[in-house]
Amino acid sequence: MLALTEVADDPLALTSRLTLNDGSDVVFRPLVHADAERLAGFLSALSVESRRLSTFDGYDLATALELCDAIARYDKLRLVLEEVPSGRIVGLLEFSLDLHTEDIARYREAGIRLAATDCRFGPTLANDYQGRGVGTQVFPLVTDVARRLGRKRIILLGGVLADNPRAIRYYQKNGFQLAGSFIGADGVRSLDMILDLDSMQEA
Ligand SMILES: CC(C)(COP(=O)(O)OP(=O)(O)OC[C@H]1O[C@@H](n2cnc3c(N)ncnc32)[C@H](O)[C@@H]1OP(=O)(O)O)[C@@H](O)C(=O)NCCC(=O)NCCS
């Protein structure tokens, strides 16, 4: 089972190149320290709507530096999609290996007992990469990472806003099931969804 420190020491262990449906290539790889400026470019270019659907602490170089500084220091694994040949970061895919007590309580209400072998996942694509099937084409790499980290199920990091139909459809078509709904701190309704990686393998 891969540890986050091993990924940080050898990012190539989780690096793959993917040819998208339109024939262009992207590289899927862990975020590395040298990415700060490019990550800031990705964050700052996100539209107001993308920022509403997928919220970060900030959208500038300071935030990008914080995310790079967090590599292998906490429970997070961040992967990026890098456009070839420009090197532009066009996606940020986040895993959290720790569960929040609020998540555990909400899922318990839905009859689901979360465990240490579960992880949380949140994807964000650059505006011009959304709605082109890219998230789905990358998804087998996402589940592969989760499995290599020893995870059996994936839940959504912070849920998905109930008024984000594209993301809900995206999760559903990639095997997630609805687990419940809740009102977030901002007063907006979100949905909890869960994917069982073992049942995917059997499918
Ligand atoms: C969510 C996200 C990662 C999905 O990746 P993607 O590449 O855009 O998704 P895909 O194109 O693979 O799949 C989207 C599906 O939703 C469908 N869809 C698009 N708009 C839709 C809408 N308004 N209502 C219902 N379905 C919609 C698409 O047709 C597609 O389904 P299909 O293949 O059955 O036709 C990406 O859109 C994104 O980064 N969005 C902004 C940030 C965000 O919302 N992140 C998730 C936070 S929880």
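The values are calculated or read from the model by the stated rules, or taken from the named source; none is laboratory data. Just so it is clear, the structure is predicted and the values come from calculations on it, not from any experiment. Glycine gets a Cβ as well: all are built from the backbone with ideal geometry, and neighbour counts include every protein chain shown. Please note that ligands, DNA and RNA were not included when accessible areas were found on the heavy atoms of the full protein model with its side chains. Shrake-Rupley method; radii C 1.70, N 1.55, O 1.52, S 1.80 Å.
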Note: among Leu195, Leu191, Leu178, just one is at pLDDT 95 or above, in contact with a Ser or Thr (Cβ under 6 Å, 6 or more places away or on another chain) and either open to solvent by less than 20 Å² (accessible area, probe 1.4 Å) or part of a strand (DSSP E or B) (or both), namely Leu191
Quick check, is Asp163 acidic (Asp, Glu), closer than 18 Å to Val27 by Cβ and either in a helix (DSSP H, G or I) or within 14 Å of the ligand (Cβ to nearest atom) (or both)? no
I need the full set of residues from the range 35-51 which are free of Cβ contacts under 8 Å to residues at least 12 places away in the same chain and not β-branched (Val, Ile, Thr), in order please. Glu49, Arg51
Output the residues belonging to the range 51-94 that are of a type in the set (Val, Ile, Thr) and surrounded by fewer than 17 Cβ atoms within 10 Å (Cβ to Cβ). Thr55, Val84
When you scan the range 61-68, do you find a residue that is within 16 Å of the ligand (Cβ to nearest atom), among the small types (Gly, Ala, Ser) and either at pLDDT 95 or above or over 20 Å from Gly131 (Cβ atoms) (or both), even just one? no
Count of residues meeting criterion [over 13 Å from Gly91 (Cβ atoms) and open to solvent by 60 Å² or more (accessible area, probe 1.4 Å)] in the range 19-50: 9
Does the range 46-57 include one or more residues that are in a helix (DSSP H, G or I) and more than 20 Å from Leu191 (Cβ to Cβ)? yes
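When you scan the range 103-141, how many residues do you find that are under 26 Å from Arg189 (Cβ atoms) and within 16 Å of the ligand (Cβ to nearest atom)?
Total satisfying the criteria: 15.
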